[in-house]
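One structure is given here, and the rest of the page talks about it.
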Amino acid sequence: MSKYDLDSIFKSIDSFGKKLELLPTKLSDVWSQAVQLGWYPTPYMPGKLSSTSLSSQQTLDSRMLKAFEKRYVEEKQYVLAQAGNREHILSVALQLHEQENYIASIPLLLSQSDGVFENYLGLSAFARREDKLRKIETKLSDVFDSNSIAKAYFGQFSSPSQFSENSNCFEQIDKAKAPNRNGILHGDSKHLDYGSYINSCKSICFLSSVLWLAEQYREKQT
């Protein structure tokens, strides 16, 4: 092998190494945008999103719904496997989703997501105050390295989203992003139209992401 061949190989290795170093940052940037449009990462949702997928709410919804429907069986199995003593509740929530009773499935999914998150981090998954978000960030940083892929995914819980916004965020452009937990669970009259298929799918993904965080949190703590 010539010197020039070796130089080419070393350059390729160096380039690959630099791309790996930048991967967590790129993942974090992409999922930060996706979360603002209502989609959280799960073990079965695409780990890589292109900039074209994030070009609009409609484009991302279409891409993520397709991925969700393709892997729904695995997603459901994962949720129930991780549910622990909540399995009897989450199995009903998923049955309601499958029966197209989204008015009933969504509140169950959101409330149980909050309960799981509270169990492990001692805080609400739907925090929006800066001090609460900083506490979530601190707890996540205590467990996951700041430059890790895990932090790129789970760090999104320290950012506000439509899920956690005040119920006064009720314009159609807001509702298109995600179901509003506060408006729904408090029965706000401005959020009585939450019972849609896509909101139920987004709520399942949110729950699955919380359970994924809990699973990784347990492994890091042992």
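Observations
- One residue from S209, S167 being of a type in the set (S, T, Y), surrounded by 16 or more Cβ atoms within 10 Å (Cβ to Cβ) and part of a helix (DSSP H, G or I): S209
- Any pair with Cβ under 6 angstrom, 6 or more apart, that starts in segment 146-171 at a residue that is without any contact (Cβ under 8 Å) to a residue 60 or more places away in the chain and ends at one that is open to solvent by 40 Å² or more (accessible area, probe 1.4 Å) and among the charged types (D, E, K, R): S158/E137; P160/R128; S164/R128; F170/K190
- Residue in segment 47-58 that is in contact with a Leu (Cβ under 8 Å, 6 or more places away or on another chain) and either modelled with pLDDT of 90 or more or in a helix (DSSP H, G or I) (or both) present: yes
- Selection status of K139, under 19 Å from P41 (Cβ atoms), touching a residue at least 12 places away in the same chain (Cβ under 8 Å), buried (at least 18 other Cβ atoms within 10 Å of the Cβ) and basic (K, R): no
- All positions within segment 121-136 that are touching a Phe, Trp or Tyr at 6+ places or on another chain (Cβ under 8 Å) and surrounded by fewer than 19 Cβ atoms within 10 Å (Cβ to Cβ): L123, S124
- When residues of segment 135-164 are limited to those that are under 15 Å from the mean Cα position of the chain (by Cα) and in a loop (DSSP other than H, G, I, E, B), the one nearest to I103 (Cα to Cα): F163
- Filter result for L185 (within 22 Å of Q33 (Cα to Cα), in contact (Cβ under 8 Å) with a residue 40 or more places away in the chain and aliphatic (A, V, I, L, M)): no
- Filtered by the rule that a residue be β-branched (V, I, T) and over 17 Å from L37 (Cβ atoms), segment 152-176 gives no residues.
- Within segment 185-202, if we keep just the residues that are in a helix (DSSP H, G or I) and either among the charged types (D, E, K, R) or more than 18 Å from K66 (Cβ to Cβ) (or both), the residue that is nearest to the chain's Cα centre (by Cα) turns out to be K202.
- Taking segment 170-206 as the range and being open to solvent by 30 Å² or more (accessible area, probe 1.4 Å), closer than 20 Å to L96 by Cα and out of contact with any Lys or Arg (no Cβ under 8 Å at 6 or more places or on another chain) as the test, the residues that pass are R181, L185, G187, L192, G195, S196, Y197, I198.
- Filter pass, S62 being surrounded by 19 or more Cβ atoms within 10 Å (Cβ to Cβ), in a helix (DSSP H, G or I) and of a type outside the set (A, V, I, L, M): no
The values are calculated or read from the model by the stated rules, or taken from the named source; none is laboratory data. Worth saying up front: this structure is predicted, and the values here are computed from it rather than measured. So basically every Cβ, Gly included, is an ideal-geometry build from the backbone, and we count neighbours across all protein chains shown. In case anyone asks, the SASA skips ligands and DNA or RNA and just uses the protein heavy atoms, side chains included. Shrake-Rupley method; radii C 1.70, N 1.55, O 1.52, S 1.80 Å.
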